[in-house]
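Visitor: Submitted below is the structure of interest, expressed as structure tokens.
What follows draws every value from the coordinates through simple rules; no lab data is involved. Keep in mind it's a predicted model, so treat the numbers as computed, not measured. Every residue, glycine as well, gets a Cβ built from its backbone with ideal geometry; the counts of neighbours run over all protein chains shown.
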Amino acid sequence: MNRTARVAAIAAVFLLLLTTAVSALDWGGSLTNSTTIQSVPEGSDDRTFVQSNRLTGYVSGGLFRSVYLIQAAVQLADDPVIAADIEKAYLSKTVNLEEGKLLSYRRRIGRFLLSDPTGEVMSQVIDGVAFGFGRQNSEVRIAAGYTGLVSKDFANLSMSKLDGVDDADDGEMYAPGRFLGQLVYSRPDVILGQNLTLAVVVQEDLRDPDQAVEDGTTVLDAGANAGGLLDTQYGIVVLDGPLPLPNFFYTAALVINRGRMLSVIDVVEFGSTYQYEPISAHLVKLNAQYYMPWLFSSRLSGGVTLSSGDTDFSGFVEGNTNGDANQFIPVNPGSTGAVFGLQAGNSTITEISFASQPFVGNPIPLLDKFQGVVSMYQFYRSAGEGPVSSSEVDAATSGSYLGTEVDFSARFRPFSDLGLGVSGGLLMKNEDVLPAGVEASDFVLRLSASLSF
């Protein structure tokens, strides 16, 4: 199905949602506009002014003693100009039990968002199933599904070189085909109000092996940019709860990353050869929040996120050249900083943030709906050298410190169905790690408005 046919099909779904809304239990949607002004490096194809719009519509109701929800979305931006997909389409059911050790049972079948407990490993729409089992003092959740039927314009799967090839191919409409599975065990109030969460995430590359380089192939035969299959597993431990001080809370997370990656290894007899090597990486995340309800409902927070790197990586994606791959590789790379957008993998990011509602209690109507946030980030290379997710850092340089960014955001929601916002940031880079010709600072300013109906 080409892009035009796909958009037409999603438009038909929108019409279906509107025609069925009268008899549905619930229906609605939203329209969001975003206008961005940003600094652009000389010679770059990026635009100084960027406009994007997003329209969503949903309908939900009862069906077969379950609850259904269908949500479609259309995006209008620069690349691609227009994109559409079904973001959610599932049946769900919750059963509350009055007797026995099992207190509740939930199931969900269809298309839905699957996320890990840390938010650092995975946040991806899948087509699959999910189950939840609640006990008096614990809960177990199991979910599994496939990513290859989701539009690539609504996915963020760029783990391997072959993923990048598919993303650049205008004829490829769908996200890379991967199996995602997750098992989560959570137990609140383990001791002194502390909550414990344990999780295992599995990601399996289901791409046709004929598309990938065979183990043992020489670089001379396959080329320097050939790609392979990438399989990963994650063990996750999260602790959170109150600290022994009033209004202080914390979150601590550890992620152990294992798997296999295609690597370029020098073999005396054959020269540089493609071989699969194990992944042995980790991520550590610490965050603390201090709430000050007496000071305009303010919150002060700070934290650090460290993801392991590898000094022998020749490139950020599938760059391993010696032994185990020690760079952390998430399923869906998130980003930090409105300007820099640094991703996990050979990165250490410190953050301090202050949020407030300065007009709380003001007698002027609606002013208490205003909220402001100011954040400062400092970016480092965990390994002290090597590539990071940004091409504006020279992998051949040495030095941990990459730069400092100050961001702000102001949001005003005078009514439940109307939201306005302005946000931006200024990035000041460490000139010692920049390639020649790259500016030492960048900025971004973004205006947004959303209307719900």
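Visitor: Given Cβ point charges of +1 (Lys, Arg) and -1 (Asp, Glu) and nothing else, what value in debye, to the nearest 20, does the dipole of the range 322-410 about its Cα centre take?
Guide: Numbers: 2 positive and 8 negative charges, 46 e Å.
Approximately 220 debye in magnitude.
Visitor: If you don't mind, there's one more thing I want to ask. Straight-line reach only, C-alpha to C-alpha below 24 angstrom: list the lysines that Lys93 could link to, leaving out same-chain residues fewer than 8 apart.
Guide: Lys101
Visitor: As a footprinting exposure proxy, order Leu157, Leu402 by other Cβ within 10 Å, with the fewest listed first.
Guide: Details: Leu157 22, Leu402 25.
Ordered from fewest to most neighbouring Cβ atoms within 10 Å, Leu157, Leu402 come out as Leu157, Leu402.
Visitor: So I have (1) 1.05; (2) 2.34; (3) 1.86, and one of them is Cα Rg over 2.2 N^0.38 Å calculated from this model. Which one is it?
Guide: Read-out from the structure maps to (1).
Visitor: How much FRET efficiency would the formula 1/(1 + (r/R0)^6) give for Ile191 and Phe415, where r is the Cβ-Cβ distance and R0 is 56 Å, rounded to 0.05?
Guide: Numbers: r = 44 Å, r/R0 = 0.78.
Plugging the Cβ-Cβ distance into 1/(1 + (r/R0)^6) gives 0.80.
Visitor: Another question about this same structure. Lysines near Lys88 by alpha-carbon distance under 24 Å, same-chain residues fewer than 8 away left out - which ones?
Guide: The qualifying lysines are Lys152.
Visitor: Further question on the same structure: Could you please rank Arg178, Arg107, placing first whichever residue has the fewest other Cβ atoms within 10 Å of its Cβ? Spell out each step's value before the answer.
Guide: Numbers: Arg178 25, Arg107 16.
Ranked by crowding around the Cβ, least crowded first: Arg107, Arg178.
Visitor: Taking R0 as 56 Å, what FRET efficiency do you get between Leu254 and Leu149 from their Cβ-Cβ distance, rounded to the nearest 0.05?
Guide: 0.95
Visitor: Sort Arg65, Arg258, Arg111, Arg381 so the one with the fewest other Cβ atoms within 10 Å of its own Cβ comes first. Could the numbers behind the result be given before it?
Guide: On the way: Arg65 8, Arg258 15, Arg111 21, Arg381 24.
Fewest to most other Cβ atoms nearby, the residues stand as Arg65, Arg258, Arg111, Arg381.
Visitor: Roughly how big is the chain's charge dipole about its Cα centre, with Cβ charges of +1 (Lys, Arg) and -1 (Asp, Glu), in debye to the nearest 20? Present the calculation step by step, with values, prior to reporting the outcome.
Guide: On the way: 29 positive and 50 negative charges, 530 e Å.
Charge dipole of the chain: 2540 debye, to the nearest 20.
Visitor: Turning to a different aspect of this structure: Give me the distance in nm between label points sitting 7 Å out from Cα along the Cα-to-Cβ direction at Arg54 and Gln136, one decimal.
Guide: Result: 4.3 nm between the two label points.
Visitor: Continuing with the same structure: Place the peptides 301-307, 384-390 in order of packing, highest mean first, counting for every residue the other Cβ atoms within 10 Å and averaging per peptide. Mind showing how you got there, number by number?
Guide: Numbers: 301-307: 18.7, 384-390: 20.3.
Highest-to-lowest ranking by the protection proxy: 384-390, 301-307.
Visitor: Ok, one more. Put +1 on the Cβ of each Lys and Arg and -1 on the Cβ of each Asp and Glu in the range 261-336; which of Ala325, Ile279, Gly303 then has its Cα farthest toward the positive end of the dipole?
Guide: Checked the options; the winner is Gly303.
Visitor: Using alpha carbons only, how many angstrom separate the centre of the range 77-146 from the centre of the range 213-288?
Guide: 25 Å
Visitor: Say a paramagnetic label sat at a point 7 Å from the Cα of Ala168, along Cα to Cβ; which residues of the range 324-338 have their backbone N under 20 Å from it?
Guide: 333
Visitor: Given H placed 1.01 Å from N in the peptide plane, which residues other than close sequence neighbours of Arg178 have an amide H under 5 Å from its amide H?
Guide: For Arg178, whose amide H was placed from the backbone, the distant partners under 5 Å are Thr147, Gly148, Leu206.
Visitor: With labels modelled as points extended 7 Å from the Cα through the Cβ direction, what inter-label distance (nm, one decimal) is found for Thr350 paired with Asp78?
Guide: So the two model labels end up 3.4 nm from each other.
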